[in-house]
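Here the structure is laid out as structure tokens; the discussion comes afterwards.
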Amino acid sequence: MALFWGCLNHLDFISSNNKHIHIMKTIQKTILILFLGVFIAPFSVKANSVYPGPVGEKIAAHRVLVKTSFVIHHAYKKVKENKVYTGNLARAIRHQKYARMLYRQGKFLRAMHQSRRARYFAILAIQANKGTESDDMKFSKEDEMKMSKNAPSDAELDKEADAAFPNDSNKDEDMMAAEPDVDINDGE
């Protein structure tokens, strides 16, 4: 009988240890989740809500410029393939170059507006060359909302880009020599 009680006490000790082990593991998991959350939050898609103000604008502007760059490269391939020259690719490249310049100067919202205009012209070039606008070329609702505030007119954006690069060609044919230099680097 004593052996039975000894075994029961031993089992009670083991289950008590298991409870402590379980509690410790739960605490460790909770701390790990919180720790990961702190490091993942800045990279989330909703970074604007996490970082309001200039940091949020920079993140949004970077996202817009990268996506527009993708659209311009697609337009370049379509124009090169089908050879329908409307001047829209040249306009898209000029606006994107200016958007990149504004971004580097810390004028993030204005850079987004110029990039929006660049994407508009790139999509026109794609459509003129037997292409279609895909869903991944469209702005997110968050970016559209941000750009709708105090949005300058298209004529104003055109005037600014033309003034910034007065010697750039308006002909798509002149853009065909090399891939357009419209990318924004990850470190910027």
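Taken together, the values in this text are just the output of simple stated rules run on the coordinates, not laboratory data. Remember, predicted model here, so these are calculated numbers, not experimental data. Every residue, glycine as well, gets a Cβ built from its backbone with ideal geometry; the counts of neighbours run over all protein chains shown.
Tabulated results
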read-out: Additional length obtainable on full extension of the chain from Ser148 to Asp174, 0.36 nm per residue less Cα span; value: 6.1 nm
read-out: Contour excess over end-to-end distance, with Cα ends at Lys141 and Asp186 and 0.36 nm allotted per residue; value: 13.9 nm
read-out: Proxy reagent accessibility, fewest Cβ within 10 Å first, across Ser115, Ser169, Ser153; value: Ser153, Ser169, Ser115
read-out: Trypsin sites (Lys or Arg not before Pro) within the range 141-188: DSSP coil, no more than 15 neighbouring Cβ in 10 Å; value: Lys149, Lys171
read-out: Over the range 55-188, equivalent-ellipsoid semi-axes from the Cα gyration tensor in Å; value: 23, 16, 13
read-out: Calculated FRET efficiency for the pair Thr26/Glu81, C-beta based, R₀ 45 Å, to 0.05; value: 0.15
read-out: Under Karplus coefficients 6.51, -1.76 and 1.60, residue-wise ³J(HN,Hα) of the range 86-91 in Hz, glycine/proline x; value: 10, x, 5, 5, 4, 5
read-out: Sequence-separation-based contact order of the range 52-175, relative, with Cα cut under 8 Å and 6+ spacing, percent; value: 35
